[in-house]
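The values are calculated or read from the model by the stated rules, or taken from the named source; none is laboratory data. For clarity, every value in this text was computed on a predicted model and none was experimentally measured. Cβ placement follows ideal geometry from the backbone for every residue including glycine, while neighbour counts extend to all protein chains displayed. Just so you know, the surface numbers come from the protein's heavy atoms only, side chains and all, with ligands and any DNA or RNA stripped out. Shrake-Rupley method; radii C 1.70, N 1.55, O 1.52, S 1.80 Å.
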Amino acid sequence: MPAISFFTESIRYNLPQKLKVKKWVKETIEKEGFKLQELNFIFCSDEYLLGINQQYLNHDTYTDIITFDNSEEEKLIVSDIFISIERVKENAKTFKTNDFDEVCRIMIHGTLHLLGYKDKGKAAKTIMTQKEDEYLSYRSKSGIIL
């Protein structure tokens, strides 16, 4: 049975509108021609995500998201996506948006990576941003109150 789950590590965070967000992410996956098996969003602190970045990617920098694609079949999503809520809050200030909009943007960004979209290089980054904006605009169709 397909599942999207939310967890926390080293912080307290409660994602608003969980059921509607699950529906929105699942619909995004299906619109791109993929099937969902398991997708875990783990909300954590900067330090927790830095440790993951150092341990698994050999990067010694803070980041807002790390996506692990655990899929063994093509077009079947099995993944863990780690998101730093501290980075999300900083991003929201920088981009002059609210925390919920920014966490949605980061969540869909990680999901888009699983769907084959990249963000290295100007052309790829442009496409990624367009797709983020497109799927963010679909939130209200899933009943998410903006």
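Take the conditions of a type outside the set (Gly, Ala, Ser), over 26 Å from PRO2 (Cβ atoms) and surrounded by fewer than 19 Cβ atoms within 10 Å (Cβ to Cβ) and apply them to GLU32. Does it pass? Talk me through it step by step, then tell me what you get.
Working: of a type outside the set (Gly, Ala, Ser): yes; over 26 Å from PRO2 (Cβ atoms): no; surrounded by fewer than 19 Cβ atoms within 10 Å (Cβ to Cβ): yes.
Considered against the rule, which asks whether it is of a type outside the set (Gly, Ala, Ser), over 26 Å from PRO2 (Cβ atoms) and surrounded by fewer than 19 Cβ atoms within 10 Å (Cβ to Cβ), GLU32 comes out as no.
Check LYS26, LYS20, LYS89 and return the single one that is within 12 Å of VAL103 (Cα to Cα) and either out of contact with any Leu (no Cβ under 8 Å at 6 or more places or on another chain) or assigned to a helix (DSSP H, G or I) (or both).
LYS89
Can you name every residue in segment 127-146 that is assigned to a helix (DSSP H, G or I), of a type outside the set (D, E, K, R) and either open to solvent by 20 Å² or more (accessible area, probe 1.4 Å) or free of Cβ contacts under 8 Å to residues at least 40 places away in the same chain (or both)?
Across segment 127-146, the qualifying residues are ILE127, MET128, THR129, GLN130, LEU136, SER137, SER140.
Could you count how many residues in segment 87-126 are open to solvent by 20 Å² or more (accessible area, probe 1.4 Å) and more than 22 Å from LYS26 (Cβ to Cβ)? Before you say what the answer is, go through the steps one by one.
Within segment 87-126, the first condition is being open to solvent by 20 Å² or more (accessible area, probe 1.4 Å), and the residues that meet it are 87, 89-91, 93-101, 105, 109, 113, 116-126.
Restricting the remaining residues to those that are more than 22 Å from LYS26 (Cβ to Cβ) gives 87, 89-91, 93-99, 118-126.
Residues meeting the conditions: 20.
Name the single residue, out of those in segment 1-17 being open to solvent by 20 Å² or more (accessible area, probe 1.4 Å), under 23 Å from GLY143 (Cα atoms) and in a strand (DSSP E or B), that is modelled with the lowest pLDDT.
Among those residues, the one meeting the criterion is ALA3.
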